[in-house]
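Have a look at the structure below before the remarks.
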Amino acid sequence: MEFNGKVALVTGGGRGIGREICIQLARAGAAVAINYSGSEEAARETQSVIESAGGKAAIFRANVADFEQCEAMFKAVEETLGAPDILVNNAGITRDNLILRMSAEDFADVLNVNLQGAFNCIKLATRPMMKKRWGRIVSIASVIGLVGNAGQANYAASKAGIIALTKSAARELASRGITVNAIAPGFVKSDMTAVLSDEVREQMMTTIPQKRLGEASDIAATAAFFCSDAAAYITGQVLAVDGGMTMGG
């Protein structure tokens with residue numbers, strides 16, 4: 001997988017899965033635009049890791065839910081690194097609660113960042129990709145978007161929406177040399193899973209045939225594959241990277 005001469009924009013690239021995707025794409029030669037919304041420090045840490053290894057990266061602040069901020073970000077990326085050849089929609093938030101207790105604002109906030117944000121970035125990325133007749137769009141969905149989860153109606157709806165958005169965009173863009181795919185991670189090691197009790201962790205493991213949590217690198221490797229020429233004939237697909245959790249689901 002070589003991305004020499006390619007520019008990749010990764011939303012939510014400051015930490016976790018997003019950071020690992022940035023690092024893997026840069027390692028394969030891409031110039032990486034690291035988007036962040038909250039923590040500039042985390043984004044700069046990702047940039048530092050890439051540059052220390054001889055890669056090229058720059059950071060760009062934008063709340064992907066805001067179309068005007070996205071427009072400004074894409075303009076800045078093009079002026080700094082070039083128009084993105086690769087877009088990875090990774091930015092996402094959670095506002096968990098049971099439906100009866102979930103506020104309308106918490107439902108809307110999650111949909112706006114996770115789903116509207118992906119739409120905004122896809123919309124802005126496609127015209128330059130169409131001119132080049134080459135592009136890769138990968139969105140991070142979730143197994144929760146496939147099977148649902150109590151207490152996460154907003155998150156599940158947003159991730160299911162990403163799956164449908166992926167399939168629709170893939171149909172629209174296939175003839176222009178642009179592939180559009182999604183990854184549905186299962187339970188992945190993160191700050192959130194690190195604080196779980198042993199009891200909750202053991203219960204979680206009963207649902208995973210491989211009996212382990214995923215690593216951010218597992219998701220990043222899949223993203224890199226989808227972005228590569230090796231995946232040129234794959235589009236409109238959703239790949240669950242979940243240790244077998246949803247097989248047959």
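For this structure, a couple of remarks:
- Search result, residues across region 42-55 that are of a type in the set (G, A, S), crowded, with 16+ Cβ neighbours inside 10 Å and over 16 Å from the mean Cα position of the chain (by Cα): A42, G55
- So R101, is it farther than 26 Å from T246 by Cα, surrounded by fewer than 18 Cβ atoms within 10 Å (Cβ to Cβ), touching a Lys or Arg at 6+ places or on another chain (Cβ under 8 Å) and modelled with pLDDT of 95 or more: no
- Unique match (being within 15 Å of the chain's Cα centre (by Cα), among the polar types (S, T, N, Q), over 25 Å from L111 (Cα atoms) and modelled with pLDDT of 95 or more) among S217, S228: S217
- Restricting attention to region 1-51 and to residues that are aliphatic (A, V, I, L, M) and in a strand (DSSP E or B), the residue that is farthest from I86 (Cα to Cα) turns out to be I34.
- R19 meets the conditions (1) buried (at least 22 other Cβ atoms within 10 Å of the Cβ); (2) modelled with pLDDT under 95; (3) of a type in the set (D, E, K, R) in every case but one. The failed one is (2).
A quick yes/no check of all residues on (1) surrounded by fewer than 18 Cβ atoms within 10 Å (Cβ to Cβ); (2) farther than 25 Å from A232 by Cβ:
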| site | (1), (2) |
| --- | --- |
| Q116 | no, yes |
| A141 | no, no |
| A169 | no, no |
| V180 | no, no |
| A184 | no, no |
| T193 | yes, yes |
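- Hits in region 89-113 - residues which are among the hydrophobic types (A, V, I, L, M, F, W, C) and under 22 Å from A33 (Cβ atoms): A91, I93, V113
- Qualifying residue in region 34-41 (condition: under 20 Å from N114 (Cα atoms), free of Cβ contacts under 8 Å to residues at least 40 places away in the same chain and either in contact with an Asp or Glu (Cβ under 7 Å, 6 or more places away or on another chain) or crowded, with 21+ Cβ neighbours inside 10 Å (or both)): yes
- Helices (runs of 4 or more DSSP H) lying entirely in region 145-249 (those with 3 or more residues that are within 24 Å of Q24 (Cβ to Cβ)): 153-173, 191-194, 216-227
- Residue match in region 158-171 (condition: in contact with a Lys or Arg (Cβ under 7 Å, 6 or more places away or on another chain), within 27 Å of G82 (Cβ to Cβ) and modelled with pLDDT of 95 or more): no
- Applying the set (1) more than 20 Å from the chain's Cα centre (by Cα); (2) of a type in the set (G, A, S); (3) part of a strand (DSSP E or B) to A58 leaves exactly one unmet item: (1).
To keep it simple, each residue is scored yes or no on (1) surrounded by fewer than 19 Cβ atoms within 10 Å (Cβ to Cβ); (2) at negative phi; (3) in contact (Cβ under 8 Å) with a residue 40 or more places away in the chain; (4) not aromatic (F, W, Y).
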position	(1), (2), (3), (4)
V113	no, yes, yes, yes
M129	no, yes, yes, yes
A157	yes, yes, yes, yes
G177	yes, no, yes, yes
V188	no, yes, yes, yes
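The values are calculated or read from the model by the stated rules, or taken from the named source; none is laboratory data. Computed from a prediction, not measured in an experiment: that's the story for all the values here. Heads up, the Cβs are rebuilt from the backbone with ideal geometry, glycines too, and the neighbour counts pull from every protein chain shown.
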